[in-house]
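Asker: Structure incoming, see below.
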Amino acid sequence: MRLRAARRRKQTIFRRVVVGLTSVFFALPLLGMVEFTTRAPGGGRTLQTYATLFDFNVIDADYPELKTGILASAGLVLLTVAIMLVMLVPTMTWVRLRLPGMRRTVEFICLLPLTIPAIVLVVGLAPIYAWVAYFLGESSLWLAFAYVVLVLPYAYRALDAGLSAIDVKTLAEAARSLGAGWPTVMWRIILPNVRTAVLSASFLSVALVLGEFTIANLFSRDNLQVAINQLGKRDSSLATAAALAALVLAFIVLFGMSFVGARRHSRQPEEN
Amino acid sequence: MSPTQRPVSDSVAASEPGHGVAVTLVDLRRSYGPIHALDGLTLDIAPGEFVALLGPSGCGKTTALRVLAGLEDADSGRVEVAGKDITAVPTSARDMGMVFQAYSLFPHMTARQNVEFGLQLRRIPSARRRARAAEVLDLVELSDHADRYAHQLSGGQQQRVALARALAIEPQVLLLDEPLSALDAKVRVQLRDEIRRIQLEVGTTTLFVTHDQEEALAVADRVGVMRAGNLEQLASPHDLYARPATPFVADFVGLTNRLPAIVEGGRAILLGTSVPLLPGSVQRGAALVLLRPESIAVTADPVGSATVVSASFLGSTGSLHAVTESGETVLAQIDNDAVATFHPGDRVTLVPRPNPALAVAADTAAAPDESPAAPA
Amino acid sequence: MAKSPSTRASTGHKPVGALLGVLPFFAYTAIFLAIPTLIVVVGAFLDGNSRPTLGNLSALTQPQIVSAFIHSVVLSAVTAVLGAVFGALLAYAVSTAREGGALRRTMTSVCGVLAQFGGVTLAFAFMATVGSEGFLTHWLKNVGMDLAGTWLYEPDKGLVLVYTYFQIPLMLIVFLPAVEGLRPQWREAAESLGGSTWDYWRHVGGPILAPPFIGAMLLLFTNAFSAYATAAALISQGSPIIPLQIGGTLSSEVILGQENIGKAMAMGMVVIVAVVMTLYAVLERRTTRWLGR
């Protein structure tokens with residue numbers, strides 16, 4: 001009689017097996033990293049590599065390229081997210097409110113980087129960056145200009161979802177009919193309601209910037225991944241530890257992002 | 001499990017009304033933790049009969065239908081079709097046609113292909129398949145749209161295709177799970193009459209689930225009002241309306257006034273007169289009498305004891321809100337041309353018609369969302 | 001941005017003031033996206049003296065470049081198929097879990113990270129696991145299997161494995177919404193009409209999921225095809241795939257007059273990716289029509 005229950009049981013077994021096997025596959029390289037970086041010279045385990053990694057003085061003195069890379073990436077993260085938000089949020093809102101006809105065009109442009117591999121973009125950016133170096137110097141920070149382009153598709157999608165969810169037009173019209181000017185509308189009505197989407201877009205950008213290697217490497221600039229790669233030629237254990245740390249950081253960032261969304265959902269019923 | 005190999009007859013018209021099979025649900029129980037979705041439900045459906053299950057959300061009507069379909073297991077109880085116990089038979093072998101509330105058409109197939117699907121599974125040769133599908137699409141009046149896809153059809157058209165698909169296989173039982181709830185009001189009324197017409201023509205035993213009482217009353221041979229997993233009353237639409245067995249049924253089906261009265265000598269005394277009682281009424285003392293709006297006559301009377309609050313024109317009829325001397329709000333039905341003659345503040349006399357009414361204990365709670373002060 | 005002079009609500013025609021609002025965006029993307037693309041496309045047809053030529057294109061027929069293209073396509077196709085098949089199975093398994101439950105959320109987050117995981121970090125992870133000093137290599141040696149230490153660095157073995165590692169999570173992210181779009185009513189309707197599980201998948205579930213499956217596979221292809229960092233970190237000798245070839249033209253000394261071969265190769269990549277993405281867009285339309293919520 002319990003036909004449905006039997007089918008559900010079979011499904012559960014299938015699910016557990018598949019997810020289990022896949023999880024093992026996913027975990028192996030990560031375990032490999034942990035194993036590799038905790039090898040003690042005479043056998044056994046040690047956390048010496050991590051002690052070194054998190055010792056600022058040692059990094060500063062013995063592994064300057066790593067320090068440069070970390071600082072550069074930190075700056076790149078901030079700059080990229082800032083440029084992306086300042087440029088995209090007002091533009092997307094503006095298009096929805098005043099230039100609905102342009103929406104397809106803006107969307108096309110934002111999704112274009114998906115079709116243009118980073119390696120191709122690098123080739124075309126070389127002359128551009130010659131100009132950038134001429135005006136602004138050779139700092140790695142100016143990679144942010146290119147990073148914003150790489151980030152566009154993901155940020156656009158996140159912001160678009162957020163703006164769609166709140167019916168920008170109606171909110172803006174309501175605010176305007178009550179006498180609000182455009183700045184007020186943007187700052188006090190729209191922005192607070194797309195907080196989740198903004199955070200989403202920002203987190204995605206952070207993850208991407210932390211993982212970027214191609215452009216930095218081919219323009220001979222510094223960032224985290226370039227530093228790790230270089231370090232790998234010298235001290236593979238430390239480099240792997242740094243890579244693992246970067247990965248954990250990205251994981252925390254992205255995991256945190258999924259909770260930002262979840263928290264909002266659980267908050268709404270209380271507000272009603 | 002392969003579908004039963006019943007031969008599909010060549011023509012719909014060949015079947016006579018009432019050729020359907022008997023369906024019996026025996027003492028069905030189903031719980032989800034502390035919630036009893038089905039609480040000992042027993043229901044007999046005669047061959048060819050159209051039974052509607054009516055009730056508020058959570059009453060178990062959809063669960064009952066799905067247990068009959070085999071899409072859910074009951075914890076205990078039996079399902080019998082044509083005298084055979086089919087409780088352990090999987091859905092695909094039950095030979096029942098089902099129409100869902102929405103989204104049930106396969107999106108990658110045309111209407112015709114959807115309708116032919118069940119026949120295809122039964123290995124009916126393609127020529128006969130086409131003929132049968134055409135026949136059934138004709139029955140639901142969608143022959144012109146046979147080659148359209150679901151997203152190209154309106155909601156009402158999609159449901160017709162769903163109905164045709166269910167009927168194409170000549171099922172023993174037809175199951176409809178709130179098929180009209182997702183449609184516009186006008187389409188709903190139109191389609192429900194068509195469903196009834198088709199069912200009478202084809203003669204299949206049918207179970208129809210809805211939360212809309214007007215719908216249930218309009219289409220069914222018998223209506224079962226459900227609450228908390230069991231039947232409160234199973235009767236013809238007329239009996240359900242005029243002779244409700246419990247206060248819940250009286251409240252749920254149609255609009256009801258609840259007016260204080262004194263019960264004595266087999267009658268209820270209120271509004272300066274008395275009315276006979278329905279079986280199941282309180283026999284003595286203070287009570288509430290459940291009166292339908294159309295059972296209250298309104299006459300303009302400068303010395304009447306009630307005062308008009310508002311009079312509304314509803315199209316084919318009208319409604320009048322009045323307050324009695326003792327502060328009771330009464331909703332009465334009036335002729336549509338009489339609406340203009342009543343103004344707020346006018347005095348009127350309210351007289352209940354002499355039909356039997358149900359009297360309940362004075363502290364009986366009303367059914368949720370059903371109060372005469374909030375007209376539909 | 002909100003410098004619109006009039007407080008009158010915009011009527012839609014002549015929104016010149018409104019256009020100012022999107023000027024920064026268009027200017028930025030022109031400089032950092034449109035112009036580089038043009039530089040690549042136009043530069044592919046210019047020689048060392050900026051004169052129009054088809055020489056770069058014919059240079060693409062050199063054996064090592066042709067071989068690189070073939071390797072890239074094969075690698076991308078193979079990992080796309082592997083990622084698609086295993087990712088789809090995983091997506092189906094996850095879809096059977098309770099919605100909003102821990103498993104689904106964790107899996108989606110984990111895959112969100114792992115899909116981004118490529119590049120240097122992933123290369124190091126695999127070197128630590130199955131490289132010559134990797135723990136799995138040691139472990140397997142003890143069990144009797146000797147993996148030749150350099151297999152990881154060969155495009156048709158090591159790279160396939162490493163690429164598949166981030167293809168599967170990407171497949172989950174892209175394909176799971178499609179699987180979740182399968183309405184339970186379709187399954188129930190198919191059953192009530194007499195269909196078995198096999199009938200359902202063969203006639204309903206399969207055909208409906210085919211466009212998103214193929215579309216996702218195409219996306220995986222593009223993803224692998226465009227990847228540079230992982231291969232750059234793993235392969236130090238030679239440039240067996242196209243992205244590495246292009247990288248080579250940027251960093252090493254290039255024969256005078258041949259600089260624009262890199263642009264020609266880049267354009268070749270763009271063409272291939274554009275074709276694949278167009279196919280993907282076509283399939284997406286069908287997917288949203290059938291499975292859109």
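Asker: With a ≥ b ≥ c taken as the square roots of the eigenvalues of the C-alpha gyration tensor of the range A:1-137, please select rounded if a/c is under 1.5 and otherwise prolate if a/b is larger than b/c or oblate if it is not? Provide the component values of the computation, followed by the final result.
Answerer: Values: a/c = 2.82, a/b = 1.12, b/c = 2.52.
Because a/c hits 1.5 or more and a/b fails to exceed b/c, the range A:1-137 counts as oblate.
Asker: Tell me, rounded to the nearest percent, the portion of alpha carbon pairs in chain C spaced more than 34 Å apart. Let's see the in-between values first.
Answerer: Details: 17736 of 42778 pairs.
Tail of P(r) above 34 Å: 41 percent of Cα pairs.
Asker: Also: Shielding by partners for A:15-27, please: the mean number of other protein chain Cβ atoms within 10 Å of each residue's Cβ. Walk me through the numbers on the way to the answer.
Answerer: Numbers: counts 8, 3, 1, 8, 8, 1, 4, 12, 4, 0, 5, 9, 1.
Averaged over the peptide's residues, the number is 5.
Asker: Over all distinct Cα pairs, what is the inverse of the mean 1/r for the protein assembly as shown, reported as the Kirkwood hydrodynamic radius in Å?
Answerer: Numbers: mean 1/r = 0.0299 Å⁻¹.
Averaging 1/r across every pair of different Cα atoms and inverting gives 33.5 Å.
Asker: Antiparallel versus total DSSP beta bridges in the range B:23-242: what percent is that, nearest 5?
Answerer: Values: 21 of 39 bridges.
Of all bridge pairs located within the range B:23-242, approximately 55 percent are antiparallel.
Asker: Calculate, axis by axis, the spread of Cα positions in the range B:199-252 along the three principal axes, and write the results as whole Å, longest axis first.
Answerer: Computed over the range B:199-252, the largest-to-smallest principal extents equal 36, 24, 16 Å.
Asker: Return a whole-number percent for the relative contact order of chain B, with Cα pairs under 8 Å and 6 or more residues apart as the contact set. Spell out each step's value before the answer.
Answerer: Values: 825 pairs, mean separation 61.8, N = 376.
Once divided by the residue count of chain B, the mean separation gives 16 percent.
Asker: Another question, then. Which of the DSSP-defined H helices in chain A satisfy a minimum axial length of 18 Å, computed from C-alpha atoms, and a minimum mean Kyte-Doolittle hydropathy of 1.6? Present the calculation step by step, with values, prior to reporting the outcome.
Answerer: Values: long enough: A:3-37 (51 Å, 0.57); A:64-98 (50 Å, 1.33); A:118-136 (24 Å, 2.19); A:143-165 (33 Å, 1.33); A:195-211 (24 Å, 1.65); A:236-271 (52 Å, 0.76).
Span-like helices in chain A: A:118-136, A:195-211.
Asker: Further, regarding this structure: Count, for each residue of A:122-133, the Cβ atoms from other chains sitting within 10 Å of its Cβ, then give me the mean as a whole number. Intermediate results must be reported in sequence, preceding the final value.
Answerer: Details: counts 9, 19, 16, 8, 8, 4, 5, 2, 0, 1, 2, 0.
Per-residue shielding by partner chains comes out at 6.
Asker: Let me know the charge dipole size of chain C about its Cα centre in debye, to the nearest 20, where only the beta-carbon of Lys, Arg (+1) and Asp, Glu (-1) is charged. Numbers along the way, then the final one.
Answerer: Numbers: 17 positive and 13 negative charges, 241 e Å.
Around 1160 debye, computed over chain C.
Asker: Among A:Leu254, A:Ala74, A:Gly232, whose Cα lies farthest out toward the positive end of the dipole of chain A, if unit charges sit on the beta carbon of Lys, Arg (+1) and Asp, Glu (-1)?
Answerer: It is A:Leu254, whose Cα lies furthest towards the positive end.
Asker: Sticking with this structure for a sec: Starting from the Cα coordinates of chain B, work out the convex hull volume and express it per residue in Å³. Walk me through the numbers on the way to the answer.
Answerer: Numbers: hull volume 59.9 nm³, N = 376.
Roughly 159 Å³ of hull volume per residue.
Asker: So, how do all the Cα-to-Cα distances of the range B:46-158 break down into 10 Å bins, in percent, from 0 on up?
Answerer: Result, from short to long distances: 11, 33, 34, 20, 2 percent.
Asker: State, to one decimal in nm², a quarter of the convex hull surface area for the C-alpha atoms of the range B:138-262, i.e. the direction-averaged projected area. If you can, show how the numbers build up before the last one.
Answerer: Details: hull surface 38.0 nm².
Quarter of the Cα hull surface area: 9.5 nm².
Asker: So what's the convex hull volume per residue for the Cα atoms of the range A:56-271, in Å³?
Answerer: Values: hull volume 32.7 nm³, N = 216.
It is 151 Å³ per residue.
Asker: For the range B:101-201, run through the trypsin sites (Lys or Arg not before Pro) and keep only the ones in DSSP coil with at most 13 other Cβ atoms within 10 Å of their Cβ.
Answerer: On the way: sites: B:Arg112, B:Arg122, B:Arg123, B:Arg128, B:Arg129, B:Arg130, B:Arg132, B:Arg148, B:Arg160, B:Arg165, B:Lys186, B:Arg188, B:Arg192, B:Arg196, B:Arg197; in loops: B:Arg122, B:Arg123, B:Arg148.
Taking the range B:101-201 and a limit of 13 other Cβ atoms within 10 Å, the loop trypsin sites (Lys or Arg not before Pro) found are B:Arg123.
Asker: Then there's this: How long are the semi-axes of the equivalent ellipsoid of the range A:1-49, taking √(5λ) for every eigenvalue λ of the Cα gyration tensor, in whole Å from largest down? Each step should come with its number before you reach the end.
Answerer: On the way: eigenvalues 360, 16, 7 Å².
In descending order, the three semi-axes are 42, 9, 6 Å.
Asker: Where a ≥ b ≥ c are the square roots of the eigenvalues of the C-alpha gyration tensor, would you call the range B:248-318 rounded, which needs a/c under 1.5, or, failing that, prolate if a/b is larger than b/c, or oblate? Walk me through the numbers before you get to the answer.
Answerer: Details: a/c = 2.68, a/b = 1.40, b/c = 1.92.
It comes out oblate by the Cα gyration axes.
Asker: Using helices alone, what [θ] at 222 nm do you get for the protein assembly as shown, with -39,500 (n - 2.57) per DSSP H run of 4 or more residues, divided over all residues and rounded to the nearest 500?
Answerer: Theoretical 222 nm ellipticity from helices: -17000 deg cm²/dmol.
Asker: Scan chain C and note any complete DSSP helix (H) whose C-alpha atoms cover at least 30 Å along its axis and whose Kyte-Doolittle average is 0.0 or more. Let's see the in-between values first.
Answerer: Details: long enough: C:63-95 (46 Å, 1.74); C:261-291 (44 Å, 1.11).
Answer set is C:63-95, C:261-291.
Asker: What does the average come to when, for each residue of peptide B:323-332, you count the partner chain Cβ atoms lying within 10 Å of its Cβ?
Answerer: Values: counts 0, 0, 0, 0, 0, 0, 0, 0, 0, 0.
Taking all residues of B:323-332 together, the mean is 0.
Asker: Can you list the equivalent-ellipsoid semi-axes of the range B:23-242, largest first and in whole Å, using the square root of 5 times each Cα gyration tensor eigenvalue? Don't skip to the answer; put the middle values down first.
Answerer: Values: eigenvalues 164, 80, 48 Å².
With the √(5λ) rule applied to the range B:23-242, the semi-axes are 29, 20, 16 Å.
Taken together, the values in this text are just the output of simple stated rules run on the coordinates, not laboratory data. Note that the structure is a prediction, hence the values are computed from the model and not measured. Ideal geometry is used to build each Cβ from the backbone, glycine not excepted, and the neighbour counts take in all protein chains shown.
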